[in-house]
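Here's the structure we're looking at; comments come further down.
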Amino acid sequence: MTFYLTHEDALQGQKDWPTPTVIVVDGPYGVGGFPGDPSSPRGLADWYRPHVEVWSSRASPVTTLWFWCTEVGWASVHPIFEE
């Protein structure tokens, strides 16, 4: 098993990923919990959209996404996953 972990701008690093089997995401929750975390879930879909686009371009049919968030945050971002 190989892990690919970097400490850099996520959008830039994701573009160089090998094809992932699992993508684990523990990003913004829409609760204002850290600088850059939107203060409400309303901004999460826009925040995650460019990430989902990169994940989708790197993923294969066997890739699994583990997306950590609040229930409302997940519901806010879910339409982006369906696109």
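Key figures for this structure:
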| item | result |
| --- | --- |
| Leading residue by the ranking (farthest from Leu11 (Cα to Cα)) among those in region 53-81 that are out of contact with any Leu (no Cβ under 8 Å at 6 or more places or on another chain), open to solvent by less than 60 Å² (accessible area, probe 1.4 Å) and of a type in the set (Val, Ile, Thr) | Thr70 |
| Hits in region 32-72 - residues which are within 18 Å of Trp17 (Cβ to Cβ), β-branched (Val, Ile, Thr) and not in a helix (DSSP H, G or I) | Val62, Thr63, Thr64 |
| Pairs where the first residue, in region 8-26, is more than 15 Å from Leu65 (Cα to Cα) and the second is of a type outside the set (Asp, Glu) and outside any loop (DSSP other than H, G, I, E, B), C-beta under 7 Å, 6+ apart | Ala10/His51; Leu11/Pro50; Leu11/His51; Leu11/Val54; Lys15/Val54 |
| Residues satisfying the stated conditions in region 8-39, i.e. over 15 Å from Ser56 (Cα atoms) and open to solvent by less than 80 Å² (accessible area, probe 1.4 Å) | Gly27, Pro28, Tyr29, Gly30, Gly32, Gly33, Gly36, Asp37, Pro38 |
| Total residues in region 40-52, condition in contact (Cβ under 8 Å) with a residue 12 or more places away in the chain and open to solvent by 60 Å² or more (accessible area, probe 1.4 Å) | 3 |
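The values are calculated or read from the model by the stated rules, or taken from the named source; none is laboratory data. Owing to the predicted nature of the structure, the values given are computational and were not obtained by experimental measurement. Neighbour counts are summed over all protein chains in view; Cβ atoms, including those assigned to glycine, are modelled from backbone coordinates with ideal geometry. Ligands, DNA and RNA are stripped out before the accessible areas are found, and what is left, the full protein with its side chains, is counted by its heavy atoms. Shrake-Rupley method; radii C 1.70, N 1.55, O 1.52, S 1.80 Å.
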